[in-house]
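*Asks:* One structure is given below, represented as structure tokens, and several questions about it will come after.
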Amino acid sequence: MISSFNYFLIITELSMCIAGVSACYLIKQLPQLYKLIGIYIGLSILVELLTTYFMRSTGYNLFLLPIYSFAELAIFSTIYLRFFLKGEKIIQGLLVLAHALILLDFLFLCDLFNAKTFYAFSKVIADIAIVLLCLRYYWAILKEEMPIDKELLLLNSVFIGYFSINSIIFLSINFLVNESLNLVTPFWILNALSALFLYLFLTYMIWQHGKTPKTSPSG
């Protein structure tokens, strides 16, 4: 099982790098939406490199999680407010609150350097906030507040699937970090598989827009 996890992890990291290289190579041809998605992929690659570095040099890297969560939510807030929900005031206020809670957790609440008591409050907030953005977009479609855009609907479906799984995984982070690897490996494999699907899908979408530049209905 452990070898299976390593296999899935390597494949997932490779897919993330391919997505990042694709975004960099096609950056000039990409519409703004996919440039922002490219920034998100770049952030993920950077954090993955830092995570590996700190684990090898100090044996501990969990303190990176709140920082990544804040940046991740900032990127997806921009994506949804610009392209999916068109700057809704109530949503903006809730996103400001979510960012403030992540900062509060990072500065005062989270025991960043103690794996035994570490809890991924920041990541859970970011994941749930993004899931709520996805649900709000579905609601806007159902209420006919937004025109139906098949591409945005597809992106929204992939995002809600990935971040829903992510939120469940990180709700249990203390258990997953401190329990036997044999016991928690299936959960990490599920997380790796969801990330693998996300990066493969984003790579496909980036290539579709990059190889044939066109005006996207989403901007």
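No lab work stands behind these numbers, since they all come straight from the coordinates. On a predicted model such as this, the values are computed, not experimentally measured, just so you know. For neighbour counting, all protein chains shown are included, and Cβ atoms are generated from backbone atoms with ideal geometry for every residue, glycine included.
*Asks:* Can you compute log10 of I(q)/I(0) for segment 27-211 with the Debye formula, treating each Cα as one identical point scatterer, at q = 0.08, 0.18 Å⁻¹?
*Replies:* -0.27, -1.32
*Asks:* Rounded to the nearest 20 Debye, what is the dipole magnitude of segment 27-211 about its Cα centre when Lys and Arg each give +1 and Asp and Glu each give -1 at the C-beta? Don't skip to the end; give the middle numbers.
*Replies:* Working: 12 positive and 11 negative charges, 83 e Å.
In total the dipole reaches around 400 debye.
*Asks:* Excluding same-chain residues fewer than 8 positions from Lys211, which lysines have a Cα within less than 29 Å of its Cα?
*Replies:* Partners within reach: Lys28, Lys35, Lys86, Lys150.
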